[in-house]
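Visitor: Structure incoming, see below.
Any read-out appearing in this document is the output of simple, stated calculations on the displayed coordinates, not a laboratory observation. Please read these numbers as outputs of a predicted model, since none were measured by experiment. Don't worry about glycine lacking a Cβ; one is built from the backbone with ideal geometry, like all the others, and counts go over all protein chains shown.
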Amino acid sequence: MRSFEKLLLENKAWAHEKVEEDPDYFNRLAKIQTPEFLWIGCSDSRVPANEITGTQPGEIFVQRNIANMVVHTDFNLLSVLEYAVEHLHVKHIIVCGHYGCGGVKAAMGHHNLGIINKWVRNIKDVYRIHEQELLEIEEEEERVNRMVELNVQEQVLNLAKTSIVQKAWKYDQRPHLHGWVYGLNNGILKPICDMHPGTHIDHIYEYDDL
């Protein structure tokens, strides 16, 4: 059996099990999507949002990219963000990184990785901001993991800089922004930072005419 055929068989088994447990499961799921959370995570296959949070399909709206970045020229992410905030009315947005992230490691090095260079350059900006703190960490793995945390923190701030989030904060007092890091070695999510609706950010990033 070819590997992709196994996926199709597993899908049928999963669907059958769901119907056995709840005959109306898929009919109900098809009619409505009301997630409370938007998850911005890393594309790493070891960090599946639903599984590590114990949530069901329909409970988390998900966007993933290399190193869980919030880049202001990424129209994919911005489209997901706008839809989640303005149409799904999510109450929480979670930026979730993970320790040992390959994208973060790549950004801390000097190898030419082709088109990936364009993406991880955004992470290099985070390194530049926090370089002094990082250089004081002698052990490489510890330094990379601290960079993962700092990157999550910066991406949460990048969310707050968007007009989409600021408008929702102004009129609806939501969403609450969270920065978490997942431990591949223990399966635990570690909260790193939070920004409540209306949290102060530098004035230059604020929009007065929303």
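Visitor: Is any helix in the chain, taking whole DSSP H runs, at least 18 angstrom long along its axis by alpha carbon and on average at least -1.0 on the Kyte-Doolittle scale, and which ones? Can you show the working numbers first?
Guide: On the way: long enough: 3-21 (27 Å, -0.82); 116-129 (21 Å, -0.54); 140-160 (30 Å, -0.58).
Going by DSSP H runs, the hits are 3-21, 116-129, 140-160.
Visitor: Quick one: which residues, 5 or more positions from K190 or on another chain, have an amide H under 5 Å from its amide H? H modelled 1.01 Å from N in the peptide plane, none for Pro or chain starts.
Guide: Long-range HN contacts for K190: V181, Y182, G183.
Visitor: If you find the alpha carbon centre of segment 31-85 and of segment 162-187, how far apart are they in angstrom?
Guide: Answer, in whole Å: 11.
Visitor: Continuing with this model, one more query. Within straight cross-link reach of K6, meaning Cα distance under 18 Å, which aspartates and glutamates are found once same-chain residues fewer than 8 apart are removed?
Guide: E17
Visitor: Say R0 is 35 Å: what FRET efficiency, to the nearest 0.05, do E17 and I115 get from their beta-carbon distance? All intermediate terms of the calculation are to be shown ahead of the outcome.
Guide: Details: r = 40 Å, r/R0 = 1.15.
E between E17 and I115, to the nearest 0.05, is 0.30.
Visitor: Measure off 7 Å from each Cα along the Cα-to-Cβ vector at K91 and L189, then give the distance between these two points in nanometres to one decimal.
Guide: Once both label points are built, they end up 1.4 nm from each other.
Visitor: What share of the DSSP beta bridges in the chain is antiparallel, in percent to the nearest 5?
Guide: Working: 6 of 24 bridges.
Restricted to the chain, the bridges split so that about 25 percent are antiparallel.
Visitor: Take each of the peptides 118-125, 66-73, average the number of other beta-carbon atoms within 10 Å over its residues, and list them starting from the highest. It would help to have the intermediate numbers written out before the result.
Guide: Values: 118-125: 16.8, 66-73: 19.4.
Packing proxy ranking, top to bottom: 66-73, 118-125.
Visitor: Turning to a different aspect of this structure: Dividing the alpha-carbon Rg of the chain by 2.2 N^0.38 Å yields what? Could the numbers behind the result be given before it?
Guide: Working: Rg = 19.0 Å, N = 210, 2.2 N^0.38 = 16.8 Å.
Cα-based Rg divided by the globular estimate yields 1.13.
Visitor: Please list, or write none, the lysines whose alpha carbon is within less than 26 Å of the alpha carbon of K167, excluding same-chain residues fewer than 8 places away.
Guide: Within the straight-line limit of under 26 Å, K167 reaches these lysines: K91.
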